[in-house]
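These notes are about the structure you will find just below.
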Amino acid sequence: MEKMPYTTELDTQMITTTTTELMTVRAHQTPEIVSTDWRNRLPVLTNRQVVLRELRASDATSLCALLTTEEVSRFISPPPTTVEGFERFIAWTLRQRTAGTYACFAVTLQGFDTAIGIFQLRETEPGFGTAEWGFAIGSAFWGTGVFQEGAELMMEFAFETVGVHRLEARAALRNARGNAALKKIGAKQEGILRKSFLRNGEYLDQALWTVLDEDWRTKAIWGGTNLIMH
């Protein structure tokens, strides 16, 4: 998904990119989700090496450093360019979460609390019947398994906690890494959205990827991994 509802005016387009991560950390045998009413506060989602948690204002510095590089930002709408811009973005995400229309998690690693990226979910129809998701992770963490673990947690949250029926993502066709990542987690490509994404003055074609709740529940996308909800 290349768009995010945020701008410097707090109303724009979506940060999102592709793959992910490493930093040798302790492994857990079973991923865990600690559940709350997500509109009041996001749950903490835990897997073998990844922890997804609520964004904090203090995450602005690391997110600005990691998500504004050329490698990360080349296929996404321009992210905030300053720490202050990320602070405004984080404040906006908290307001939207309270309104029940959007959720954004910081990506961290077991044993480390530094935010290295984000996963976000927004409704595209009232009640989250259909939702769009996106992700952006610092390039130093690409190709190490963090994306897949984070996606596993995020999709469990979307389908089991929020109650999403249809989950959509968009990726520029030129974004080979992003499209491969979505395919790897079991998303289905439904078509091509021609000239649907404006980046650096050029309209790019996008692939539309989807996962349905029935795919999640009946096709064992995660190969038998069991998530525990508390």
Linear extension gain, H165 paired with S196, 0.36 nm per residue minus alpha-carbon span: 8.8 nm
Estimated inter-spin distance, R39 and T114, nm [label 7 Å along Cα→Cβ]: 3.7 nm
Cα-based Kirkwood hydrodynamic radius, segment 27-159, one decimal, Å: 15.0 Å
Aspartates and glutamates whose Cα lies under 20 Å from that of K188, excluding same-chain neighbours fewer than 8 positions away: E2, E123, E132, E149, E152, E156, E160, E168, D205, D213, E214, D215
Amide hydrogen neighbours beyond the local backbone of V44, cut-off 5 Å, H modeled: V34
10 °C / 1.306 mPa s Stokes-Einstein diffusion coefficient of segment 129-171, Kirkwood radius on C-alpha pairs, µm²/s: 140 µm²/s
Dipole magnitude (debye, nearest 20) for segment 32-110, charges at Cβ of Lys, Arg, Asp, Glu: 240 debye
3J(HN,Hα) from dihedral phi, segment 92-106, Karplus parametrisation 6.51/-1.76/1.60, rounded to Hz, x for glycine, proline: 5, 4, 5, 5, 5, 4, 4, 6, x, 10, 6, 9, 9, 9, 7
Cα gyration tensor category, rounded, prolate or oblate, for segment 86-230 with a/c compared to 1.5: rounded
Carbon/sulfur fraction of accessible area - segment 65-174, other protein chains in place, 1.4 Å, %: 49 percent
Segment 163-222: equivalent-ellipsoid semi-axes (sqrt of 5 x gyration tensor eigenvalues, Cα, Å): 25, 12, 8
Ranked packing of 151-161, 200-210, 171-181, most packed first, by mean Cβ within 10 Å: 151-161, 171-181, 200-210
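The values are calculated or read from the model by the stated rules, or taken from the named source; none is laboratory data. Just so we're clear, the structure is a prediction, and the values are computed from it rather than from any experiment. Virtual Cβ from ideal backbone geometry, glycine too; neighbours counted across all protein chains shown. For the accessible areas, the whole protein counts, side chains as well, though only heavy atoms, and no ligand, DNA or RNA atoms are used. Shrake-Rupley method; radii C 1.70, N 1.55, O 1.52, S 1.80 Å.
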